[in-house]
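Accompanying notes for the structure given below.
Where a number appears in this text, it was derived from the coordinates with a stated rule and is not lab data. Everything numeric in this text was worked out from a predicted model, so none of it was measured. Methodologically, a virtual Cβ is constructed for each residue, glycine included, from the backbone with ideal geometry; neighbour enumeration extends over all protein chains shown.
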Amino acid sequence: MRKYLEVIKILFKTQITYRFDVAMTVLFTFTRILFAYVLWGAIFDQREVINGFTFPMMLSYYIFSSFLSQIEMSDGVSGEIAGRIQAGTFSKYMIIPLNTQGYFIAQTFGAMAFYFIFILPVTILWMAVLQLGFTITGSFSVILVTILMVLLGLLFMIQLNYFLGILAFKFQEISIFLMIKGNLVAFITGTLVPLHFLPQDLVSVLRFFPFYYVTYLPSMLLIGKNEEEAFTGLVVLSVWLAVFTLLNHFAYNKLRVIYDGVGI
């Protein structure tokens, strides 16, 4: 465990070097909040409620989901793994005294922790400056369950991107997989549009998949909705985490034997 904590600390410190990225993150956080305020303000113009959402509730949902999507930084995992494999430098991950999947989980959480520290206060600051209405659940237990669900969701997304990355052992080009994943995840996690607005038959199907619980349900729980789904969400995410843990272990051990890269 100490070795993984060291990886987290190193990646956390590494982020400090990229000051321009931090500045852009701060600016982007502001523009997303402002965009949501303008867009949903126009949609709710002269209407109090749309499909069970008031304007403050919708704005709060969008801010929560945007925040979660910003700290979810596992996309880089698949790109780094694929790039290393194709360049023949993945060997260094094979010789370090750490589980490969565990290393990338620790690395991603190190980067997430850094941006979390910056994004959270910036989000609160811009909300105060713009005097945005805000809705949040008053249940402490729901907030705790939501935090646990967010952590499980982040772990699942890391595992998914790890799996896509190691496919580069087998396929020369995995960009098509990453493109499909990126477009699909942005939609079915509820980042673009709350899944509440989709046909209920489709939403019922999505409840069997982990993406429903990565961004959408935590955001809904935080605004005081869908609390009856909290326990189900934890169970579904835990099952998918177990499945991908086994899948990644099997795929890595199966595919790495065909890797002929050299160098570290």
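Observations on the model:
- Any hit, region 49-71, residues being out of contact with any His (no Cβ under 9 Å at 6 or more places or on another chain) and surrounded by fewer than 14 Cβ atoms within 10 Å (Cβ to Cβ): yes
- Against the list (1) in contact with a helix residue (DSSP H, G or I) (Cβ under 9 Å, 6 or more places away or on another chain); (2) more than 19 Å from VAL150 (Cβ to Cβ); (3) not in a loop (DSSP other than H, G, I, E, B), the condition VAL193 fails is (3).
- Residue among ASP45, ASP21 that alone is over 18 Å from THR123 (Cα atoms), free of Cβ contacts under 8 Å to residues at least 40 places away in the same chain and acidic (Asp, Glu): ASP45
- Qualifying helices (runs of 4 or more DSSP H) (wholly inside region 1-99; at least 3 residues being over 22 Å from the mean Cα position of the chain (by Cα)): 2-15, 19-43, 75-87, 91-95
- Whichever residue in region 155-187 is within 16 Å of ARG84 (Cβ to Cβ) and among the polar types (S, T, N, Q) and, among such residues, is surrounded by the fewest Cβ atoms within 10 Å (Cβ to Cβ): GLN172
- Residue within region 147-164 that is under 21 Å from MET112 (Cα atoms), without any contact (Cβ under 8 Å) to a residue 12 or more places away in the chain, within 18 Å of the chain's Cα centre (by Cα) and in a helix (DSSP H, G or I) present: yes
- Number of residues in region 196-213 that are charged (D, E, K, R) and in a loop (DSSP other than H, G, I, E, B): the value is 1.
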